[in-house]
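The values are calculated or read from the model by the stated rules, or taken from the named source; none is laboratory data. It should be emphasised that the depicted structure is a prediction, and the values quoted were computed from it without experimental measurement. Reconstructed Cβ throughout: ideal geometry from the backbone, glycine too, with neighbour counts over all protein chains shown. Accessible surface is based on the protein model in full, side chains and every heavy atom, while ligands, DNA and RNA are left aside. Shrake-Rupley method; radii C 1.70, N 1.55, O 1.52, S 1.80 Å.
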Amino acid sequence: MIRYGPAGIPLSCKGRTLKDGIEDVHNLALTALEIQMVRPMVINRAPDEDEEVGLCLGELEAEGLVIGLVNEDGEPVYDPLTPVNEEDTLLILANGPAGSYRDLEPLGRMAKRHDVALSLHTPYYMDLGTFVYDESDEGALSMQYLEALQHAGLILNALDGDVVVTNLGLYDLKKRSREETDNNILQNLEYLLNWWSDMNLKPRIGIEITGHQDVFGSLDQVLDVCDEFGDMVQPVVNFPHYQARTKGSLQTASDYVDLLQKVQPYSKNIYASFSNVEYDPEGNEKWLTPLKKGDLKFERLADALVDIKPEITLISSSPLLEHDAVYMRTLTERVLSKKAAKAIKERKKNESATDE
């Protein structure tokens, strides 16, 4: 099965809530929605003694989504059944995808009823290149990015979604070597996955192919991470990033088949995003463009999909979002119809030859 959907609430959607987005995606006959956590802002405040103390975390209504608390011992707690004490500090996502934690599960059930698979993309700028136990300011910053991943996992788990999509960091040779950055990223990811397991989170972490040479995320690096950590992670095939990073290598249907077959063993359902792209001669993405503007030809990918029939979720990251998500589905259907018509014609031709 191929699922199609936009990276974010459809541009044509009159409402801007997740509920509105799910309904709109369903009405467009699309079957996936990637929630965008592009600029998460965590606010720390004391609980209201009259209205919040004594309630469980998951019951709180606030100006934003209460994702957890820090208890009097300075330890973060994320269990929604945890009672709130007056000494605690609440952790509130100012621009989360729902008004309260208890809204998430019903939204997840609603998405299932509408056959809309939910995923979530963390902030596009992530840097886990400094080990979080490093006592420097950079270590503290990496911890903030790690916490953004933790919050994303908690939210998507409550929504019963599938994949938390992220990139992992960039190289700054003025601060450390590429090898040191790679080691720090792997240590931070191990730290995160241990926490992920302790919290019994079901979504997988999707490691995205990136579109710049100085950012961790070549295809080989992504697959190496998947080999290192197993089933808790999976590759995310960002086609425009890959096209930019490899300086235009995706030209034929066979090129797409080769790429898909490399990632297929790592996931029963391939997760991918598509748009067109402009990039410089050094292999760095400049900006994303609509499907019809650039050297990526979705028809070639459609040929590959029809040939190898993978289970895949295709997210439109095009500036036209849902328009190009629908267009991708339409192009795939055209390719499928042409191939089916050709097969029928060949069969009738063979039958006629046999009769003679």
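Residue separation of Met41 and Asp137 scaled by 0.36 nm, minus their Cα-Cα distance, works out to 32.7 nm of gained length. With both labels modelled 7 Å from their Cα along Cα-to-Cβ, the Ser337 to Trp195 distance reads 5.0 nm. Between 0 and 90 degrees, the angle of helix 104-113 with respect to the longest Cα principal axis of the chain falls at about 20 degrees. How much of the accessible area of the chain, in percent, comes from carbon and sulfur atoms when a 1.4 Å probe is used? Heavy-atom surface of the chain belonging to carbon and sulfur, 1.4 Å probe: 48 percent. Computed over protein heavy atoms with a 1.4 angstrom probe, the accessible surface ordering of Met143, Met37, Met232, Met1, largest first, is Met1, Met232, Met143, Met37.
Applying D = kT/(6 pi eta Rh) to the chain, where Rh is the Kirkwood radius over alpha-carbon pairs, T corresponds to 10 °C and eta to 1.306 mPa s, the Stokes-Einstein value obtained is 73 µm²/s. The candidates Asp79, Asp88, Asp224, arranged from most to least accessible area with a 1.4 Å probe in the full protein assembly, appear as Asp224, Asp79, Asp88. Springs join every pair of Cα atoms under 10 Å in this Gaussian network model of the chain, and among Gly108, Gly248, Gly74 the largest mean-square fluctuation is at Gly74. For Tyr4, the accessible area of its heavy atoms, probed at 1.4 Å with every protein chain present, is near 20 square angstrom.
The angle separating the long axis of helix 137-158 from the principal Cα axis of greatest extent in the chain is about 70 degrees. Scaled against the 2.2 N^0.38 Å expected of a compact globular protein of N residues, the Cα radius of gyration of region 1-63 reads 1.59. Quick check: the distance between the Cα centres of region 1-68 and region 97-122, to the nearest angstrom? Here the two parts' Cα centres lie 7 Å apart. Output the antiparallel fraction of DSSP beta bridges having both residues in the chain, as a percent to the nearest 5. Expressed as a percentage, antiparallel bridges in the chain total about 40.
Sequence-ordered 3J(HN,Hα) estimates for region 281-289 from the Karplus curve with 6.51, -1.76 and 1.60 and θ = phi - 60° stand at x, 7, x, 10, 4, 9, 6, 8, 9 Hz, glycine and proline given as x.
Between the Cα long axis of helix 298-308 and the first principal axis of the chain there is an angle of about 80°, rounded to the nearest 10. The spacing between region 146-190 and region 223-275, judged by their C-alpha centroids, is 18 Å.
Size of region 41-120 from its Cα atoms: along the principal axes, largest to smallest, the extents are 42, 23, 20 Å.
Ranked by solvent-accessible area (1.4 Å probe, protein heavy atoms only, all chains present), the residues Ser273, Ser218, Ser12 order from largest to smallest as Ser12, Ser218, Ser273. Each Lys and Arg adds +1 at its Cβ and each Asp and Glu adds -1 at its Cβ; summed about the Cα centre, region 183-225 shows a dipole of about 220 debye.
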